[in-house]
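Below is one structure, written out as structure tokens; comments come after it.
The values are calculated or read from the model by the stated rules, or taken from the named source; none is laboratory data. Not measured: the values here are computed from a predicted model. All Cβ positions, even for glycine, are placed from backbone atoms using ideal geometry, and neighbour counts span all protein chains on display.
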Ligand SMILES: Cc1cc2nc3c(=O)[nH]c(=O)nc-3n(C[C@H](O)[C@H](O)[C@H](O)COP(=O)(O)O)c2cc1C
Ligand code: SF4
Ligand code: FES
């Protein structure tokens, strides 16, 4: 993953070209950019619009609709905490509070909410980068976040 | 010695990889097969050992238990700590009928060779030898209804696509599985992805489609990896491609990953998203079956629906229709979770009483405290008190009891639950995930949170309950889709069955209202 905060228009065009043959490529192109660079810089949107021959408003509309897409470089690690019902029933509210508290002092870790990770049978669940972890409690989630931050610094 | 260890993401979330690594280190000569999960999640990490044609289970295991297990196995000792015996017998003993998830946790996921060894592709082979109409008829005859939530008859949907004179046609698998408390799609895709692929192929044969799409939620990176490998192996073996199993028919599948929007599980929103757009709900009609993906006839089916189809094609739907009750035929892949002692995937014939599932199979709460509430059918499902545990889990009976089976999620809460918080959350969730097209859903839900808070604070309780009632009425009647339309269900059921959680003045109101 390349973390510079600008992406050259040519790079964006190349990614567009790689997906242009697919049916309905806009979201796929946004995904590809985010996969490659960790985020979708707002400067890329007009380039995509031009390449796909649609309005900037349309591309921006797609970008802004989806929770996953981001316009800022990502932190080193993301921890997504499930706040949905099966996790709530096993103490997810306390896990969420603890995660937020821990993240306030760990700049390399971003904590965000998610609604169900499909891990409801071993709840509460979190997803650390791409890895799902089950049966969380406030102490464990705090430990995981602090550990990630130590490793990152 | 052959050992089976799940690579299912939930099993891994509680240590299955560590157990597999310990086994590999301590038993270098053993063959370790990574499978999906059997869905016996309270026993995970569950290791299975092949013994005289049976699979014996040991779980839950920690890496520290591995040495002891290997020593006992070497000594021919098949009992001891963690031994659960023949896993298939265990499932059967619970009354499970694994017609859809039978290979989950058994096969090496995504291997065509292993899939065929366990009966895979027989349904597709039958379908390829039949007329498209006969394939549709088999599905209609089975009584199969969509498992994604709405329970629409699958044969009827396929018939419409079959009869629509337009091309190309598409098969879209709804793998968005956004409902909280559900994981059957994930478990199937991670454990037996070829069943889904075979189901999509059969759908393609039935309606005359050559291209399929799997719309997978982004929260499932492991399922994505397994599906990709399965697609590659299927192409390699000529199951997908220009000449499906030598039939001269063409079919291929592309995976598209969602981007974190609950509403994209609704089929028209999903199609918008698949076309690369904002996931805004479309007006129906036209039905997706007539004008779906890029306005072409499209079958949209849930993962479990499609994965059930290969079995249906084995015997013209006869054994499928022999299970279940009334108009709810076949099996419910119930996902029992939350605060329950034995959480897991229970594939049971439709019609089991809710209380039997939760107490007899599930063992009651995990905390040991009394069970107090249960939410069935995802975030839009009603909250039931224990007094409604005799409600039967089939579409009609459950709807009569005021509930909805939906995708089959059953979330259990003990007596520490606060239904005020749960109702508030339902409204909050609706506000967060609304696509924004209808005002009652977009704005009303935020309003709903405030009104619920006012009731809880004891401010003008009587008049605020009326405001909430009106709001729910409006959401239920004018919303374009079920997000706005059904959010009143959890809210109103919480208020009705658990009034004391809101405010002491609520009980009296509720009692007069429901006299
Ligand atoms: C708000 C909302 C969310 C939905 N989410 C899903 C989902 O995540 N997965 C799914 O299969 N169906 C979901 N559905 C149902 C689909 O609209 C559709 O009925 C289903 O994909 C049809 O497939 P089936 O007939 O095989 O069930 C949802 C519906 C609504 C209204
Ligand atoms: S009810 Fe809500 S989610 Fe459904 S179409 Fe209306 S605004 Fe969109
Ligand atoms: S509700 Fe948290 S993982 Fe499903």
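Just a few scattered comments:
- Selection count where residues are surrounded by fewer than 19 Cβ atoms within 10 Å (Cβ to Cβ), under 26 Å from the mean Cα position of the chain (by Cα) and not in a strand (DSSP E or B), scope the range B:16-63: 2
- Residues of the range A:97-140 that turn out to be in a helix (DSSP H, G or I) and within 13 Å of another protein chain (Cβ to nearest Cβ), as a count: 4
- Top-ranked residue of the range B:445-470 - restricted to ones that are buried (at least 21 other Cβ atoms within 10 Å of the Cβ) and within 16 Å of ligand 2 (Cβ to nearest atom), ranked as farthest from the other protein chains (Cβ to nearest Cβ): B:448
- A single entry from B:498, B:502, B:489, B:425 fulfils the requirement of being crowded, with 17+ Cβ neighbours inside 10 Å, within 16 Å of ligand 3 (Cβ to nearest atom) and not assigned by TED's automatic domain parsing to the domain that holds residue B:369: B:425.
- Residue match in the range B:430-439 (condition: more than 23 Å from the chain's Cα centre (by Cα), surrounded by fewer than 17 Cβ atoms within 10 Å (Cβ to Cβ) and in a helix (DSSP H, G or I)): yes
- Summed over the range B:328-360, residues that are surrounded by fewer than 20 Cβ atoms within 10 Å (Cβ to Cβ) and closer than 23 Å to residue A:84 by Cβ total 2.
- Condition met for residue A:94 (assigned to a helix (DSSP H, G or I), surrounded by fewer than 22 Cβ atoms within 10 Å (Cβ to Cβ) and more than 16 Å from ligand 3 (Cβ to nearest atom)): no
- The set of residues from the range B:248-267 being more than 10 Å from chain A (Cβ to nearest Cβ) and in contact (Cβ under 8 Å) with a residue 40 or more places away in the chain comprises B:249, B:250, B:251, B:252, B:253, B:255, B:265, B:266, B:267.
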